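Working notes for the structure below.
The values are calculated or read from the model by the stated rules, or taken from the named source; none is laboratory data. Note that this is a predicted model, so its numbers are computed, not measured. All Cβ positions, even for glycine, are placed from backbone atoms using ideal geometry, and neighbour counts span all protein chains on display. Side chains are part of the model used for accessible areas, which takes the heavy atoms of the whole protein and leaves out ligands, DNA and RNA. Shrake-Rupley method; radii C 1.70, N 1.55, O 1.52, S 1.80 Å.
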Amino acid sequence: MQLSDLGLVQPERLRGMAYEYGGFWPGLLKDWNPNYTLQSYAMFVTYGFLHGGLIHLIVNMITLWSLGAAVILRVGLRGFSILYIASIFGGGAGYAVLAAGLQPMVGASGALFGLAGGLLAWMYVDRFTFQQGLLPVAQAVALLIALNMTMWWAMSGQLAWQTHFGGFVTGWITAMLIDPRPLYPEDKGGA
């Protein structure tokens with residue numbers, strides 16, 4: 001899409017077309033006419049595979065790699081897939097319910113915040129079970145809130161915090177459904 005933006009590949013409107021057909025458009029949940037029959041349902045997933053640019057994609061993929069590895073270590077590829085997909089839906093639902101405007105939303109960060117929510121849910125269970133104190137969990141949540149506030153300010157309000165929130169809450173709940181048991185220290189493989 002970046003090459004199309006620069007006029008180096010055809011069609012020159014590739015980004016606009018991708019957003020029109022795959023972005024999350026709150027108006028489709030109201031009275032807008034969709035471009036295709038199931039668009040108002042499909043957008044709850046398709047938005048997570050579009051990005052605002054190369055930097056947005058790279059940052060999200062680095063985050064996916066680091067958080068995804070930790071989730072896979074805990075619950076395997078199947079558990080990761082369930083958590084990721086549920087969080088994409090949850091991110092879209094958060095945006096649908098909480099976003100005030102009608103501008104589109106794209107990016108994988110709803111799912112990524114879901115992975116973070118899942119990891120923090122498991123950390124909470126582990127630390128609570130073994131009476132290790134919950135301060136690190138609270139600190140991580142506070143850091144995510146501060147990160148969102150800073151990014152929202154730096155991006156002049158163009159951050160879909162609603163998607164992050166929806167993904168995080170969905171990830172936390174889904175993680176507890178996937179694996180509600182604490183991970184005993186001997187199961188952590190020395191970590």
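Selection over the stretch 30-51 of residues that are open to solvent by 40 Å² or more (accessible area, probe 1.4 Å), without any contact (Cβ under 8 Å) to a residue 40 or more places away in the chain and touching a Phe, Trp or Tyr at 6+ places or on another chain (Cβ under 8 Å) gives a count of 4. Of all the numbered requirements in (1) over 22 Å from Gly53 (Cα atoms); (2) among the small types (Gly, Ala, Ser); (3) touching a strand residue (DSSP E or B) at 6+ places or on another chain (Cβ under 6 Å), Gly92 misses one, and that requirement is (1).
Among the residues of the stretch 127-148, the one identified as in contact with a helix residue (DSSP H, G or I) (Cβ under 8 Å, 6 or more places away or on another chain) and open to solvent by 70 Å² or more (accessible area, probe 1.4 Å) is Gln132.
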